[in-house]
Amino acid sequence: MYLENSEIPPESYDSASVWGLDQLRTLHLEMGVQCNARCSMCFQTDFSPSNVMPESIWKEKLQLVYSTARELLIIGGEPTVLANCRQLLEMVMKDFPSLDLITATNGIRFNGLWEDAFLRQGKVVNFSVIAIDPVRYERIVKYGNQALVLENLQHLIRRKRETGSKVAIRMNTVITDDTLDELSDFFEWGAIHGVDQVSLDPDCVGRVRRQPKEVQRHIAQTYEMAERHPQTVLLRLKDFDRMYALRHGIPPVKEGGNSGHASAPCGEAFHTLLVTSDGLAKPCCLSWYAYGNLRIHDVEAIWSGGAAQRFRQRIGRCDYRDCFIGCTYNPFPVGPYTSLFRHGLSAFRRNPRTAIKKISHKLKRSLFCSLS
């Protein structure tokens, strides 16, 4: 997600057995599930404050990684309300000052320590602004506070200018029927207010039920808006454009959603490790493939284990059977229904009860969207 595929030597594609822990560059930690907002597009089914990553994992088992990795991506739930996220942040600032910090937040409580830490040591801060129109925001975010989110975002932008911080400030939304109408306005607001990047993220279930001509008209308008404001980087719209076109059997508005990555395997398999709150280790947030669990094994065994080797060898052959089709680095996606089936089957094998609950929740959300 944050490293170039060119960093992977071609001879390494089939030598996964010697891919050591020193090659791990991005550590992605999902520290818990607690959140102080409820967004209509969110598929999370558990918001319990007790469901957090154990200290034995983030504070002990991952110590080896903090000193060699380049980037630490901290997410929740909502990281600013998770006590272990704050403790992790304080530890990293004290003991690992060269580790670049990345986070995604709803912005409601992004201030104080969080702001100071990311101005000093941050690489990317992503504010999930969701919507610019206040009525739309209130409809989507049940317990949100748009005024406070925008105030915190603009305060961070001002302090970045004052301090000369190199942190990239990003705002994002998820493309659904509810946000489609203001995509170009959303980007324009970010560009005018000094946001470095605007990410328009695909929804994994594809809950955009408008007519294809209307959807592609909004896509085209947003591309045009981005061309008017080249100082702000537009992210993920090409991924949505390509994914939507694939679902509907039509050409995308703009070709080349990931053509720059089609000649080389995805770098996430070789340089990134994601650990969920229950200890599950995966290649990244856009794959459901499991390497193992840190509650049972140590990080070296998981990173260099047989499951990780097999995944890297698949990716080296450009086999993306276990990756979401909307990923920028997926040049050869499987069909959308095949992708959803494989994802659901993988989740069911790991935890049938949780998988059934999540699948039911997703189907209800998708059905509600189609009827509204």
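The values are calculated or read from the model by the stated rules, or taken from the named source; none is laboratory data. None of the values given here were measured: they were computed from a predicted structure. Cβ placement follows ideal geometry from the backbone for every residue including glycine, while neighbour counts extend to all protein chains displayed. With ligands, DNA and RNA removed, areas are computed over all heavy atoms of the protein, side chains included. Shrake-Rupley method; radii C 1.70, N 1.55, O 1.52, S 1.80 Å.
Each residue in the range 284-314 was checked for being touching an Asp or Glu at 6+ places or on another chain (Cβ under 9 Å) and surrounded by 16 or more Cβ atoms within 10 Å (Cβ to Cβ), and 11 of them qualify.
Checked against the criteria, Arg120 does not count as farther than 30 Å from Tyr244 by Cβ, basic (Lys, Arg) and under 21 Å from the mean Cα position of the chain (by Cα).
Yes/no matrix, rows are residues, columns are (1) open to solvent by 10 Å² or more (accessible area, probe 1.4 Å); (2) free of Cβ contacts under 8 Å to residues at least 60 places away in the same chain; (3) hydrophobic (A, V, I, L, M, F, W, C); (4) under 21 Å from Cys327 (Cα atoms):
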{"position": "Ser184", "(1), (2), (3), (4)": "yes, yes, no, no"}
{"position": "Phe187", "(1), (2), (3), (4)": "no, yes, yes, yes"}
{"position": "His193", "(1), (2), (3), (4)": "yes, yes, no, no"}
{"position": "Pro202", "(1), (2), (3), (4)": "yes, no, no, yes"}
{"position": "Arg210", "(1), (2), (3), (4)": "yes, yes, no, no"}
{"position": "Arg217", "(1), (2), (3), (4)": "yes, yes, no, no"}
{"position": "Tyr223", "(1), (2), (3), (4)": "yes, yes, no, yes"}
{"position": "Leu234", "(1), (2), (3), (4)": "yes, yes, yes, yes"}
{"position": "Arg247", "(1), (2), (3), (4)": "yes, no, no, yes"}
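Just one of the numbered conditions (1) open to solvent by 50 Å² or more (accessible area, probe 1.4 Å); (2) out of contact with any Gly (no Cβ under 9 Å at 6 or more places or on another chain); (3) in a helix (DSSP H, G or I) is not true of Leu119: (1). When the criteria are applied in full, Leu89 meets the requirement of being aliphatic (A, V, I, L, M), modelled with pLDDT of 95 or more, open to solvent by less than 10 Å² (accessible area, probe 1.4 Å) and assigned to a helix (DSSP H, G or I). When the range 128-166 is limited to residues that are under 18 Å from Gly112 (Cα atoms) and of a type in the set (Ser, Thr, Tyr), the one that is most open to solvent (accessible area, probe 1.4 Å) turns out to be Thr163. Can Glu162 be described as in a helix (DSSP H, G or I), of a type outside the set (Val, Ile, Thr) and over 22 Å from Leu101 (Cβ atoms)? Against the criterion (in a helix (DSSP H, G or I), of a type outside the set (Val, Ile, Thr) and over 22 Å from Leu101 (Cβ atoms)), Glu162 does not qualify. Scan the range 19-43 for residues that are closer than 11 Å to Gly77 by Cα and open to solvent by 50 Å² or more (accessible area, probe 1.4 Å) and the total you get is 2.
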